[in-house]
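Here the structure is laid out as structure tokens; the discussion comes afterwards.
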Amino acid sequence: MLGLYDRTPSRAKLVLDGWWQFLADPDAEVEEKNPRVPSFADEGILEVTVPGVWETELGFEDYQGVAWYRKAFQTPFAGPCLLTFGAVAYRARVWLNDAYLGEHEGDFTSFRFLAELLQGENEIVVRVDNRHTDEDLPKAIVDWYPYGGITRSVICERVGDTYIERLQIVGHVDGRVDLTAYLHNRSDSVKTLMLYGEVGDAMSAQRSVTLLPGATTAESLTLQIEPPQLWSPQDPVLYEAIVALGEDVYIERFGLREIRTDGQQLLLNGEPLWIRGVNRHEDHPDWGFALPDKIMQKDIDIILSLNCNAVRGSHYPNHPTFLDLCDENGLLFFAEVPGWQYSAYQLSHSPTVDKLGRMLEEMVAEQFNHPAIIFWSLHNECDTEVYREPDLDVRTAMEGLFRLARSLDSSRLITYVSHRYWHDKHLDLADVVCLNEYIGWYVDDIEGADLPAYLQRMADLVPDKPILITEFGAEGLDGVHSLSRRKWSEEHQSTHITSQIEDMRENPHVAGCFVWQYCDINVNPARAIRRARSMNNKGLVDEYRHPKMAFHSVASLFEELADEDEGRL
Ligand code: ADA
């Protein structure tokens, strides 16, 4: 499923997860305009599971290319349906009953088509291409594995002439709820219906709405919750909004909370917040990107046992179920689009900067209602110093991305993650300054500055904003030990991380940190020479979630900090 609960309970639906036919197509071209749909009578047909990644099939561990998926299914209803794909890595083209429905680009955001189901048997065919070019999002070679496949659920649901596309809910700390319902009229005639909204059994609002043919209309409802119970890590209170447009019902959970800055402080519901975070990739040796719910739940439980209060979804929109679990468990979330280490040219030119904007729009639209999400991040470690190509106009692109983000959501903090420290030219645009530093791992210092000096120099540069250390850490090979705490040993990793957290706590401008990283992950084989086991081993747990020494030392230090910050010391 795409979440912990059914958001559209009134709709007849088919969850098309399970066995699909699979056919690799190694001779296909990257940008084939009119690919031939295979007959699926060819030899080489496999049965694979969806959601899944083809790299878990024998012989496809490193397959970069095109593959075809086919699902024939019986349906009890015919007529108009919404066919939703939770995510497909990376390019998808979709056919239903030989009719081409369209395409999507992006590993981590959902997409849907309005289509017609036949009575009885129907057939879906999907062409999937997991190759990335350097203009894509992410680019060709990044420090995680470029899996391929239909990686999140596929759902077909029946809709009528009019239906609710999505809700967007802002829950304020005074109990006011600003709800926007996006309503679609797929028919060729004007429709007038009652729009009704309620939260719990007390607050409701309704009015008649008129929907023009073929259009999507945004209608706002305002409700008031009395007395308001706020969402926070300590008390993650969730409300349920129920909206009805005629027969169509849409449900979304949300929370009442406010995130803002006051000088160098982060304030959650008016209270100072210090982030005890960890960076988490969606990765596992047995499932790739397509983690089952049970592993997502286990990751949440382990991260909570680390005494974390936040997760950075490094570096892309995470699965809706994981975000629902963060909402339920009070884990704050740092959401990011996968603009990973772009050059100044890529960051300031089409198509890359357009793809960044488009994926930002998709992520915000899909994930807006999760109270856990408090940051939207535009990219990670791009050349925002612009030292190699000083005449490139990165500023205009950066201002455009920030303008877009603020137009999509004025209720969250907007930022990007930099590793250019005092050479970065755009930190003024960000609500919080997010810095990745690997002092003590990749480098001994930054232009002579050790971590305390680095932090102070950044604090002096941006005295009126909170600083978050969004990445820091060290490789630690599970089972490798060293009396002298040599690099790559668990001892070194443990000491390195805890001593850096202690340094961060000494600087009042630092509002928290995200350890890099939660678990060991597969990386792109092209980076293997710099990655023992062809993996990024900076996890606090290994790829099977077995804890290293650093897990225990970080858990006890974060517990101390939590006690301090929550007044138990
Ligand atoms: C960068 C990058 C991470 C990871 C990390 C590392 O900060 O943002 O994705 O590659 O370095 O482990 O080197």
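Scan the range 405-414 and tell me whether some residue there is under 30 Å from Ile169 (Cα atoms), part of a strand (DSSP E or B), in contact (Cβ under 8 Å) with a residue 24 or more places away in the chain and within 14 Å of the ligand (Cβ to nearest atom). The answer is no; no qualifying residue exists. The residues of the range 527-539 that are within 13 Å of the ligand (Cβ to nearest atom) and at pLDDT 95 or above, listed by number, are Arg531, Ala532, Met535, Asn536, Asn537, Lys538, Gly539.
Taking residues in the range 467-487 that are over 30 Å from Gln264 (Cα atoms), and partners anywhere that are away from the ligand (no atom under 13 Å from the Cβ) and assigned to a loop (DSSP other than H, G, I, E, B), the pairs with Cβ atoms closer than 6 Å and at least 6 places apart or on different chains are Gly476/Lys548; Asp478/Asp542; Asp478/Lys548; Val480/Ser489; His481/Ser489; Ser482/Ser489.
In the range 228-237, is there at least one residue being touching a residue at least 60 places away in the same chain (Cβ under 8 Å) and part of a strand (DSSP E or B)? For the range 228-237, residues touching a residue at least 60 places away in the same chain (Cβ under 8 Å) and part of a strand (DSSP E or B): present.
Cβ separations smaller than 7 Å between residues 6+ apart or across chains give the following pairs from the range 501-527 residues that are open to solvent by 30 Å² or more (accessible area, probe 1.4 Å) to residues that are within 16 Å of the ligand (Cβ to nearest atom) and acidic (Asp, Glu): Asn522/Asp283; Arg527/Asp143.
Applying the criterion of being more than 16 Å from the ligand (Cβ to nearest atom) and surrounded by 20 or more Cβ atoms within 10 Å (Cβ to Cβ) to the residues of the range 432-457, the residue that is farthest from His496 (Cα to Cα) is Val432. Cβ separations smaller than 8 Å between residues 6+ apart or across chains give the following pairs from the range 319-341 residues that are over 16 Å from Arg280 (Cα atoms) to residues that are open to solvent by 10 Å² or more (accessible area, probe 1.4 Å) and within 16 Å of the ligand (Cβ to nearest atom): Gln341/Lys139; Gln341/Glu381. Taking strands (runs of 3 or more DSSP E) that do not extend beyond the range 1-97, which have at least 1 residues that are open to solvent by less than 10 Å² (accessible area, probe 1.4 Å) and free of Cβ contacts under 8 Å to residues at least 40 places away in the same chain? So the answer is 91-96.
Surrounded by fewer than 18 Cβ atoms within 10 Å (Cβ to Cβ) and either over 18 Å from the mean Cα position of the chain (by Cα) or away from the ligand (no atom under 16 Å from the Cβ) (or both) - does that describe any residue in the range 149-158? For the range 149-158, residues surrounded by fewer than 18 Cβ atoms within 10 Å (Cβ to Cβ) and either over 18 Å from the mean Cα position of the chain (by Cα) or away from the ligand (no atom under 16 Å from the Cβ) (or both): absent. Of note, Gln500 does not satisfy the criterion of being out of contact with any Pro (no Cβ under 8 Å at 6 or more places or on another chain), part of a loop (DSSP other than H, G, I, E, B) and at pLDDT 95 or above.
For the range 466-500, a tally of residues being surrounded by 23 or more Cβ atoms within 10 Å (Cβ to Cβ) and basic (Lys, Arg) returns 0. Is one or more of the residues making up the range 333-342 of a type outside the set (Lys, Arg), closer than 30 Å to Pro227 by Cα, more than 16 Å from the ligand (Cβ to nearest atom) and not in a loop (DSSP other than H, G, I, E, B)? Yes: one or more hits.
The values are calculated or read from the model by the stated rules, or taken from the named source; none is laboratory data. Please read these numbers as outputs of a predicted model, since none were measured by experiment. Note that each Cβ is placed from the backbone with ideal geometry, even for glycine, and that neighbours are counted across all protein chains shown. Side chains included, ligands, DNA and RNA excluded: accessible areas come from the protein's heavy atoms. Shrake-Rupley method; radii C 1.70, N 1.55, O 1.52, S 1.80 Å.
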